[in-house]
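Have a look at the structure below, then the notes.
The values are calculated or read from the model by the stated rules, or taken from the named source; none is laboratory data. For clarity, every value in this text was computed on a predicted model and none was experimentally measured. So basically every Cβ, Gly included, is an ideal-geometry build from the backbone, and we count neighbours across all protein chains shown.
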Amino acid sequence: MAGAADAKGGKMTVFKSDRHEDYASMVMVGIVTAAILFYMAFLVGEIKLKATDDGKVMEILVKPDTMVKKGDKLATLAAKDKKMVGGKLEEKPVTRTVTSTLNGKVLSVKAKPGDAVKKGKDTLMVLVPEKGQLP
């Protein structure tokens, strides 16, 4: 086997040149990307909408089985805006609105007003996206 590698100039490849290896890798990346996008757009069943900030749920603006569009308001959270000013941490209470990033249907609402939530950990509601959309 070592003799075959020496005869080709030290390279062991099934392609005639590096250019062919580059084309093959680009085609492979394209196929993998297309498969992932197809999966996300057509096969993902439901999406859990997580809290966008640490805080408290003030209001849930949708009910189960409600159709929502991109940009619709779903909930409001009371949170604290934290900033470093002059070496000190300042906290200011703010109200954040959670909006839908896609068209779909609300399957269930997990949080209720008054619940304390952690950013990215607590589920506010479960949505089913319209088919053909990327979540």
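Here are a few things to note about the model shown:
- Close pairs from segment 120-135: first at positive phi and assigned to a loop (DSSP other than H, G, I, E, B), partner surrounded by fewer than 13 Cβ atoms within 10 Å (Cβ to Cβ) and modelled with pLDDT under 75, Cβ under 8 Å, at least 6 apart: G132/F42
- Within segment 28-48, no residue that is under 17 Å from G104 (Cβ atoms) and assigned to a helix (DSSP H, G or I) sits with its Cβ atom under 7 Å from a residue that is modelled with pLDDT of 85 or more and aliphatic (A, V, I, L, M) at 6+ positions apart or across chains.
- Flag if L102 is part of a loop (DSSP other than H, G, I, E, B) and at negative phi: yes
- If only residues of segment 74-133 that are at pLDDT below 90 and among the β-branched types (V, I, T) are counted, the one that is farthest from L37 (Cα to Cα) is V85.
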